[in-house]
1. I need the full set of residues from region 354-373 which are in a strand (DSSP E or B) and surrounded by 22 or more Cβ atoms within 10 Å (Cβ to Cβ), in order please.
2. Say whether the condition of being assigned to a helix (DSSP H, G or I), closer than 18 Å to F217 by Cβ, more than 17 Å from the chain's Cα centre (by Cα) and touching a residue at least 24 places away in the same chain (Cβ under 8 Å) is met by at least one residue in region 293-313.
3. Taking region 220-247 as the search range and keeping residues that are in contact with a Leu (Cβ under 7 Å, 6 or more places away or on another chain) and crowded, with 21+ Cβ neighbours inside 10 Å, which one is farthest from D306 (Cα to Cα)?
4. Return the residue satisfying two criteria in turn: it lies in region 472-498 and is of a type in the set (S, T, Y) and exposed (fewer than 14 other Cβ atoms within 10 Å of the Cβ), and of such residues it is nearest to the chain's Cα centre (by Cα).
5. Quick check on my filter: what residues within region 314-338 are more than 18 Å from G186 (Cβ to Cβ) and outside any helix (DSSP H, G or I)?
6. For region 382-421, name all the residues that are more than 23 Å from N434 (Cβ to Cβ) and of a type in the set (S, T, Y).
7. What are the pairs with Cβ atoms under 7 angstrom where one residue, in region 168-179, is assigned by TED's automatic domain parsing to the domain that holds R146 and modelled with pLDDT of 90 or more and the other, located anywhere, is crowded, with 23+ Cβ neighbours inside 10 Å and among the small types (G, A, S)? Sequence gap at least six, or different chains.
8. Out of the residues in region 405-429 meeting the condition of being surrounded by 12 or more Cβ atoms within 10 Å (Cβ to Cβ) and modelled with pLDDT of 80 or more, tell me which one is nearest to the chain's Cα centre (by Cα).
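The values are calculated or read from the model by the stated rules, or taken from the named source; none is laboratory data. Fair warning: this is a prediction, and the values are worked out from it, not measured in the lab. Cβ atoms come from the backbone with ideal geometry, glycine included; neighbour counts cover every protein chain shown.
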Amino acid sequence: MKKNPKMVAVLLVALASGVACADYFWDQGFKDGAWRTDFISDLAGTPLSPLTYDSHCLFPELLCGNSPLVGESTSAGTSTGMPGDRYWVVSINNEPAFENFIGGSMAVAGVPGQAHPLPQSGPMWTYYPESFTVLVDTEVGEDFPRAHLIVRHSGPTNSHDEKGAGGIPFVSVGAQANRGNGVALGALNNPFRPHNVRFTAKLFDWRTSDDSVMWAFMYAIAAWPDEAGNTIQRGVFLTLKHMGEASDYSAPDNPGHAFDWNWPIRESFFYPGVDWGFIDSEDLNSGPAAWHCGFTLPAMTEKLKDYRFNVDLQKLFECASHRGLFRTPMPDSGELPIKGVHWAVEMSGADAHLWMAVHDMEMSGFKINAGLNDAWFNPDTDGQGFFITVFPDLGSASLAWFTYDTELPPDDTQASLGDPGHRWLTATGPILDNQVLMDIEMTTGGLFDTPTDIQRTDPPGSDGTIKLIFTSCNSGTVEYDIPSINRQGTVPIQRVAGDNIALCEQLSTHHDVP
């Protein structure tokens with residue numbers, strides 16, 4: 001692969017408003033867009049706060065780095081104002097290209113190129129020496145933000161030359177544990193925690209040349225122990241678009257590319273490195289059946305077109321493991337934290353550029369589905385229970401609760417049918433992932449199998465609410481709040497019979513892209 005040092009990476013991140021959450025992305029749907037760069041200190045990489053180099057490499061047989069630990073000015077960049085503890089994280093580097101091949105795997109020979117200043121303004125295609133430009137997205141006719149990622153080689157010289165001939169500018173934006181997104185985004189090996197990533201991507205522009213190579217990625221990071229019990233970060237780069245000779249990472253006769261990567265800078269979320277696997281999206285189900293990932297993605301063939309993606313990280317990591325892309329195979333049991341999900345562009349070569357934007361990024365886990373349709377109960381209150389029905393096409397669910405009054409009726413109370421203390425109530429509401437928030441409805445004025453005028457709860461919700469939450473295909477909770485009896489509580493529920501569990505488990509991990 002030919003190399004050229006004259007490149008600039010450009011990041012544009014757009015802004016709006018949003019809220020934080022625990023699991024999932026802190027900013028589901030990318031509504032807020034607040035971001036800052038990887039290193040938390042504004043002075044990281046300067047003589048006042050040198051980066052911390054760890055000579056104890058994750059993969060000791062590979063080079064770790066041999067560059068100074070101070071850079072120019074500052075590595076800190078941010079959206080308008082300094083975000084608090086919730087933000088999207090930006091990673092930028094311009095490492096030397098394809099040097100130090102050892103044992104068929106590439107070693108990083110320098111400190112991350114993040115020690116470059118980040119000016120806060122400037123035209124998108126204007127070249128700023130030593131800079132990565134950050135701008136606000138202002139797409140005409142749109143009311144949502146996009147995160148714009150651009151790498152570009154535009155001139156005969158630039159001051160990235162000190163990074164070594166043939167630098168590879170790389171820029172990414174994403175959600176990362178302990179960098180603005182809590183302690184985890186979700187988990188593998190637990191279908192009821194988030195592990196599906198949905199997003200929309202658009203290639204605004206690209207230009208290739210004879211010696212250019214470029215990629216648009218989504219990458220995700222998890223972690224699990226090696227044979228010695230040491231927990232190591234494992235990641236998958238999923239190529240959404242690649243151009244140029246030798247830009248393929250996988251093929252029908254090639255499972256993908258394994259890449260052991262030292263990143264010995266303690267201030268970076270990549271520290272101390274990652275056991276990476278690379279797969280091209282068009283090869284997710286190519287080759288032998290044992291390589292198949294079990295889902296497909298659209299091919300980004302056109303400029304200025306929105307492509308909607310749904311990536312099942314459980315299937316993706318399992319697939320990379322089955323293809324032998326990790327040093328230690330992924331365990332098939334035990335919850336594994338998802339530490340990061342990011343989008344990136346990268347290139348090498350002259351007179352070329354690549355511009356991708358992403359928006360509406362969100363994570364999801366277990367989904368309520370029709371396999372939950374059943375009779376449910378709490379064994380501690382046998383004789384009471386629930387009928388639950390899910391309507392997937394309507395995006396809603398209903399519940400009928402068969403129970404008793406709060407006090408026993410007097411002994412002389414008579415009922416023509418059934419027990420005088422029998423009570424039943426119904427509730428409906430919209431589905432959101434693994435829960436449904438329902439309004440309780442009471443009906444009065446009826447007679448057995450006789451047309452009558454029925455009175456219903458008015459206004460809706462005034463008789464109370466129920467939050468129905470499923471934690472597995474055979475367990476859930478009914479959280480109730482009924483003001484008329486001043487009762488609040490939680491009822492653990494399980495199925496009366498397990499016939500539909502297999503169907504539920506099948507449907508819970510299947511997600512159609514809207």
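1. Within region 354-373, L354, W355, M356, A357, V358, H359, M361, M363 qualify.
2. no
3. Checked region 220-247; the qualifying residue farthest from D306 (Cα to Cα) is W224.
4. Looking at residues that are of a type in the set (S, T, Y) and exposed (fewer than 14 other Cβ atoms within 10 Å of the Cβ), I get T490.
5. Hits for region 314-338 are R323, G324, L325, F326, R327, T328, P329.
6. Once the filter is applied, which keeps residues that are more than 23 Å from N434 (Cβ to Cβ) and of a type in the set (S, T, Y), region 382-421 yields T403, Y404, T406, T413, S416.
7. Taking only residues 6 or more apart or on different chains, the pairs are V173/A147; G174/G340; A175/G340; Q176/G340; A177/G340.
8. G429
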